[in-house]
Amino acid sequence: MFKLPDLPYDYDSLSRSISKEIMELHHQKHHQTYVDKLNAAIDGVAEAQGKSLDELVASYQTLPANIQTAVRNHGGGHYNHSLFWQWMSPDGGGEPSGELAAALAAKYGNFQGFVDEFNTKALGVFGSGWAWLQPDLSIITTPNQDTPIMQGLPAPLLGLDVWEHAYYLDYKNKRDDYVRAWWEVVNWNFVAERYGK
Ligand code: MN
């Protein structure tokens with residue numbers, strides 16, 4: 001059985017970008033629902049037992065046909081959100097340093113060039129989805145709760161949830177304001193740690 005992970009900080013500690021109200025709903029309701037529905041889908045399904053979340057999500061197409069959609073949506077949701085909480089921190093914001101900073105500058109001209117390109121991609125997601133920074137420093141998007149490892153790609157370095165549930169209470173329809181504010185809480189230490197692997 002999968003479990004909802006605790007947030008690594010208090011619900012109100014990202015409030016310069018995301019309110020306590022959104023953090024509580026997003027974690028306790030939305031993420032919990034992905035966990036519950038994933039558990040319900042794989043309950044009693046032999047092919048799904050003993051697999052890690054990563055394994056289930058990456059190989060959802062090999063599972064019995066009647067649970068593939070549930071694992072794709074709810075397993076993907078659990079995987080994406082488990083990372084998303086770690087990609088933010090009360091001590092976040094600013095710019096990366098070290099090798100990651102140099103590599104981003106080499107590819108995008110400078111840090112702002114990277115941010116601008118990421119924002120353009122994130123704002124271009126039609127409906128619900130995610131924007132990702134991949135280990136090769138490309139920026140990609142996925143719809144719904146799809147995640148790069150479902151497509152045979154490596155796990156992302158960084159990801160941004162652009163579902164309306166992630167911002168609507170604070171920002172209404174202004175996804176661009178949310179995306180700009182989100183950079184103020186990005187946990188670059190965690191991103192750099194993933195880049196180093
Ligand atoms: Mn979400």
- prompt: List the pairs whose first member sits in region 22-48 and is at negative phi and in a helix (DSSP H, G or I), whose second member is more than 15 Å from the ligand (Cβ to nearest atom) and at pLDDT below 95, and whose Cβ atoms are under 7 Å apart, counting only residues at least 6 apart or on separate chains?
  reply: N39/M1
- prompt: How many residues does region 84-117 hold that are assigned to a helix (DSSP H, G or I) and within 16 Å of the ligand (Cβ to nearest atom)?
  reply: 3
- prompt: What do you reckon, is P135 away from the ligand (no atom under 14 Å from the Cβ), surrounded by 19 or more Cβ atoms within 10 Å (Cβ to Cβ) and part of a loop (DSSP other than H, G, I, E, B)?
  reply: no
message: Just to be sure before I move on: is N173 assigned to a loop (DSSP other than H, G, I, E, B) and loosely packed, with under 15 Cβ neighbours inside 10 Å in the structure I sent?
response: yes
- prompt: Would a scan of region 158-172 turn up a residue that is within 22 Å of S59 (Cβ to Cβ) and assigned by TED's automatic domain parsing to the domain that holds D116?
  reply: yes
- line: Within region 145-170, the residues that are part of a loop (DSSP other than H, G, I, E, B) and under 11 Å from the mean Cα position of the chain (by Cα) are Q145, D146, T147, A155, P156, L157, V162, W163
- request: Looking only at region 30-43, count how many residues are exposed (fewer than 14 other Cβ atoms within 10 Å of the Cβ) and either of a type in the set (S, T, N, Q) or within 10 Å of the ligand (Cβ to nearest atom) (or both).
  value: 0
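The values are calculated or read from the model by the stated rules, or taken from the named source; none is laboratory data. From a predicted model like this one, the values you see are computed outputs, not experimental measurements. Glycine gets a Cβ as well: all are built from the backbone with ideal geometry, and neighbour counts include every protein chain shown.
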